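S.K.: This is the structure I want to talk about, given as C-alpha coordinates.
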Amino acid sequence: MGVSTDGIIFCGWPLEEDAELPWDNEDNEDDGVEDCWRRVSGYKPLFELWTPAGEYVGGVRPPEDRMSAYGDHQREWDKANPIPFEVENYCSAECPMYAITVPGAGATARRGYPTKIDASFMGSVDSVKVEGIRALLAEHGVELDGEPSWYLGSYWG
(Lines give C-alpha, C1' and ligand atoms only; values in the text may rest on other atoms or scores of the structure.)
Protein backbone atom coordinates (compact mmCIF):
# COMPACT_ATOMS: atom_id res chain seq x y z
CA MET A 1 0.00 0.00 0.00
CA GLY A 2 1.31 3.47 -0.88
CA VAL A 3 1.12 6.86 0.75
CA SER A 4 -2.10 8.77 0.23
CA THR A 5 -2.15 12.45 -0.73
CA ASP A 6 -4.77 15.18 -0.85
CA GLY A 7 -6.63 15.41 -4.17
CA ILE A 8 -7.01 18.85 -5.72
CA ILE A 9 -9.11 20.01 -8.67
CA PHE A 10 -8.48 23.61 -9.68
CA CYS A 11 -8.96 26.03 -12.54
CA GLY A 12 -5.99 28.24 -13.20
CA TRP A 13 -2.43 28.37 -14.38
CA PRO A 14 0.28 26.05 -13.04
CA LEU A 15 3.49 28.07 -12.73
CA GLU A 16 6.99 27.06 -13.63
CA GLU A 17 9.03 25.82 -10.69
CA ASP A 18 11.21 28.95 -10.67
CA ALA A 19 8.43 31.51 -11.30
CA GLU A 20 9.11 34.90 -9.70
CA LEU A 21 6.09 36.06 -7.71
CA PRO A 22 5.69 39.46 -5.99
CA TRP A 23 5.53 37.89 -2.52
CA ASP A 24 8.54 35.63 -3.19
CA ASN A 25 11.40 38.06 -3.75
CA GLU A 26 14.26 39.01 -1.47
CA ASP A 27 12.81 42.48 -0.75
CA ASN A 28 9.65 40.87 0.64
CA GLU A 29 11.05 37.60 1.94
CA ASP A 30 8.86 37.60 5.06
CA ASP A 31 5.70 38.53 3.19
CA GLY A 32 3.09 35.99 2.39
CA VAL A 33 0.42 36.39 -0.24
CA GLU A 34 -1.81 38.25 2.24
CA ASP A 35 0.87 40.77 3.27
CA CYS A 36 1.82 41.38 -0.34
CA TRP A 37 -1.82 41.88 -1.33
CA ARG A 38 -2.28 44.42 1.46
CA ARG A 39 0.88 46.29 0.44
CA VAL A 40 0.11 46.51 -3.30
CA SER A 41 -3.55 47.37 -2.62
CA GLY A 42 -2.81 50.35 -0.38
CA TYR A 43 -3.79 48.93 3.00
CA LYS A 44 -2.87 51.29 5.83
CA PRO A 45 -2.92 49.90 9.37
CA LEU A 46 -4.88 51.69 12.05
CA PHE A 47 -1.53 52.55 13.66
CA GLU A 48 1.99 51.14 13.60
CA LEU A 49 2.76 48.28 16.01
CA TRP A 50 6.22 47.34 14.76
CA THR A 51 9.38 49.09 13.70
CA PRO A 52 11.03 48.16 10.36
CA ALA A 53 13.32 45.89 12.42
CA GLY A 54 10.30 43.93 13.69
CA GLU A 55 10.35 45.26 17.25
CA TYR A 56 7.34 46.77 19.01
CA VAL A 57 7.17 50.55 18.57
CA GLY A 58 8.52 51.94 21.85
CA GLY A 59 10.04 48.56 22.70
CA VAL A 60 7.02 47.35 24.70
CA ARG A 61 4.07 45.17 23.69
CA PRO A 62 0.95 47.37 23.54
CA PRO A 63 -2.05 46.62 25.77
CA GLU A 64 -4.37 43.84 24.62
CA ASP A 65 -7.17 46.22 23.57
CA ARG A 66 -4.77 48.02 21.23
CA MET A 67 -3.54 44.70 19.80
CA SER A 68 -7.17 43.62 19.27
CA ALA A 69 -8.06 46.90 17.55
CA TYR A 70 -5.11 46.45 15.19
CA GLY A 71 -6.15 42.89 14.30
CA ASP A 72 -9.84 43.79 13.96
CA HIS A 73 -9.00 46.63 11.57
CA GLN A 74 -6.87 44.32 9.41
CA ARG A 75 -9.53 41.57 9.34
CA GLU A 76 -12.24 44.07 8.34
CA TRP A 77 -10.05 45.39 5.51
CA ASP A 78 -9.26 41.85 4.35
CA LYS A 79 -12.96 40.99 4.28
CA ALA A 80 -13.79 44.12 2.25
CA ASN A 81 -10.80 43.59 -0.10
CA PRO A 82 -10.42 39.85 -0.73
CA ILE A 83 -7.44 38.59 -2.69
CA PRO A 84 -8.77 38.10 -6.23
CA PHE A 85 -6.90 34.82 -6.76
CA GLU A 86 -5.74 31.82 -4.78
CA VAL A 87 -2.35 30.16 -4.70
CA GLU A 88 -2.48 26.36 -4.70
CA ASN A 89 0.47 24.11 -3.89
CA TYR A 90 -0.03 21.06 -6.09
CA CYS A 91 3.05 19.10 -5.07
CA SER A 92 4.38 18.87 -1.50
CA ALA A 93 5.53 20.95 1.45
CA GLU A 94 9.17 20.01 0.79
CA CYS A 95 9.04 20.63 -2.98
CA PRO A 96 6.24 23.13 -3.57
CA MET A 97 4.91 23.77 -7.05
CA TYR A 98 2.34 26.53 -7.30
CA ALA A 99 -0.62 27.47 -9.44
CA ILE A 100 -2.56 30.72 -9.58
CA THR A 101 -6.21 29.70 -9.35
CA VAL A 102 -9.63 31.26 -9.75
CA PRO A 103 -11.31 31.57 -6.32
CA GLY A 104 -14.15 29.13 -5.81
CA ALA A 105 -13.30 27.14 -8.96
CA GLY A 106 -12.12 23.88 -7.52
CA ALA A 107 -12.31 21.32 -4.77
CA THR A 108 -10.00 19.47 -2.40
CA ALA A 109 -10.30 16.02 -0.85
CA ARG A 110 -8.10 15.58 2.22
CA ARG A 111 -6.37 12.23 2.50
CA GLY A 112 -8.70 9.63 3.87
CA TYR A 113 -11.80 11.80 3.39
CA PRO A 114 -13.27 11.48 -0.10
CA THR A 115 -15.27 14.49 -1.21
CA LYS A 116 -18.35 14.22 -3.42
CA ILE A 117 -18.26 16.94 -6.06
CA ASP A 118 -20.78 18.29 -8.52
CA ALA A 119 -18.72 18.45 -11.71
CA SER A 120 -21.07 21.03 -13.25
CA PHE A 121 -18.98 23.78 -11.60
CA MET A 122 -16.24 22.89 -14.09
CA GLY A 123 -18.25 24.29 -16.98
CA SER A 124 -18.03 27.97 -16.21
CA VAL A 125 -15.42 30.28 -14.78
CA ASP A 126 -16.14 33.96 -14.22
CA SER A 127 -14.35 35.82 -17.05
CA VAL A 128 -14.31 39.03 -14.98
CA LYS A 129 -12.34 37.21 -12.27
CA VAL A 130 -9.96 35.79 -14.87
CA GLU A 131 -9.24 39.21 -16.42
CA GLY A 132 -8.83 40.74 -12.95
CA ILE A 133 -6.26 38.09 -12.02
CA ARG A 134 -4.37 38.65 -15.29
CA ALA A 135 -4.32 42.44 -14.91
CA LEU A 136 -3.23 42.40 -11.29
CA LEU A 137 -0.41 39.92 -11.79
CA ALA A 138 0.75 41.64 -15.01
CA GLU A 139 1.19 44.86 -12.99
CA HIS A 140 3.73 42.93 -10.91
CA GLY A 141 5.57 41.22 -13.73
CA VAL A 142 3.75 37.87 -13.72
CA GLU A 143 2.39 36.95 -17.16
CA LEU A 144 -0.17 34.15 -17.33
CA ASP A 145 -0.13 32.36 -20.67
CA GLY A 146 -3.32 31.23 -22.34
CA GLU A 147 -6.68 30.68 -20.78
CA PRO A 148 -7.07 29.04 -17.38
CA SER A 149 -7.62 25.30 -17.58
CA TRP A 150 -8.89 22.62 -15.24
CA TYR A 151 -6.28 20.46 -13.50
CA LEU A 152 -6.32 17.46 -11.19
CA GLY A 153 -3.35 17.50 -8.84
CA SER A 154 -2.27 16.18 -5.48
CA TYR A 155 -0.63 17.54 -2.39
CA TRP A 156 1.52 15.58 0.01
CA GLY A 157 2.13 17.68 3.11
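S.K.: Give region 84-120 a look and list any residue that's acidic (Asp, Glu) and part of a strand (DSSP E or B), or say none.
M.R.: Within region 84-120, 86, 88 meet the criteria.
S.K.: Identify, please: which residue in region 108-134 is hydroxyl-bearing (Ser, Thr, Tyr) and under 11 Å from residue 7 (Cβ atoms) and is, among those, surrounded by the fewest Cβ atoms within 10 Å (Cβ to Cβ)? It would help to see each step written out before you state the result.
M.R.: Here is the first cut: in region 108-134, the ones hydroxyl-bearing (Ser, Thr, Tyr) are 108, 113, 115, 120, 124, 127.
Subset that is under 11 Å from residue 7 (Cβ atoms): 108, 113, 115.
Numbers: 108: 15, 113: 9, 115: 11.
Here the answer is 113.
S.K.: Next question, about the same structure. Which condition number in (1) closer than 12 Å to residue 12 by Cα; (2) surrounded by 16 or more Cβ atoms within 10 Å (Cβ to Cβ); (3) of a type outside the set (Val, Ile, Thr) is the one that residue 137 fails?
M.R.: (1)
S.K.: Ok, one more. Among the residues of region 14-27, is any in contact with a Leu (Cβ under 8 Å, 6 or more places away or on another chain) and either part of a strand (DSSP E or B) or surrounded by fewer than 17 Cβ atoms within 10 Å (Cβ to Cβ) (or both)?
M.R.: No - not one qualifying residue is present in region 14-27.
S.K.: Ok, one more. Can you name the residue in region 1-13 that is in a loop (DSSP other than H, G, I, E, B) and not aliphatic (A, V, I, L, M) and, of all such residues, is nearest to the chain's Cα centre (by Cα)? Please lay out each step first, then the result.
M.R.: Filtering region 1-13 for residues in a loop (DSSP other than H, G, I, E, B) gives 1-5.
Retained after the next criterion (residues that are not aliphatic (A, V, I, L, M)): 2, 4-5.
Values: 2: 30, 4: 24, 5: 21 Å.
Checked region 1-13; the qualifying residue nearest to the chain's Cα centre (by Cα) is 5.
S.K.: Could I ask something else about it? Only one residue in 29, 55, 64, 48 is at pLDDT below 90, out of contact with any Asp or Glu (no Cβ under 7 Å at 6 or more places or on another chain) and farther than 25 Å from residue 131 by Cβ. Which one?
M.R.: Details: 55 fails: at pLDDT below 90; 64 fails: at pLDDT below 90; 48 fails: at pLDDT below 90.
It is 29.
S.K.: For residues that are at pLDDT 85 or above and part of a loop (DSSP other than H, G, I, E, B), tally how many sit in region 32-45.
M.R.: Looking only at that region, the number is 5.
S.K.: On to the next question. Hey, among the residues in region 54-70 that are exposed (fewer than 12 other Cβ atoms within 10 Å of the Cβ) and under 25 Å from the mean Cα position of the chain (by Cα), which one's farthest from residue 32 (Cα to Cα)? Talk me through it step by step, then tell me what you get.
M.R.: Of the residues in region 54-70, the ones exposed (fewer than 12 other Cβ atoms within 10 Å of the Cβ) are 54-55, 57-61, 63-65, 68.
Checking which are under 25 Å from the mean Cα position of the chain (by Cα) leaves us with 54, 68.
Working: 54: 16, 68: 21 Å.
It comes out as 68.
The values are calculated or read from the model by the stated rules, or taken from the named source; none is laboratory data. In this text the structure is predicted, and so the values were computed from the model without any measurement. Note that we place each Cβ from the backbone using ideal geometry, even for glycine, and neighbour counts take in every protein chain shown.
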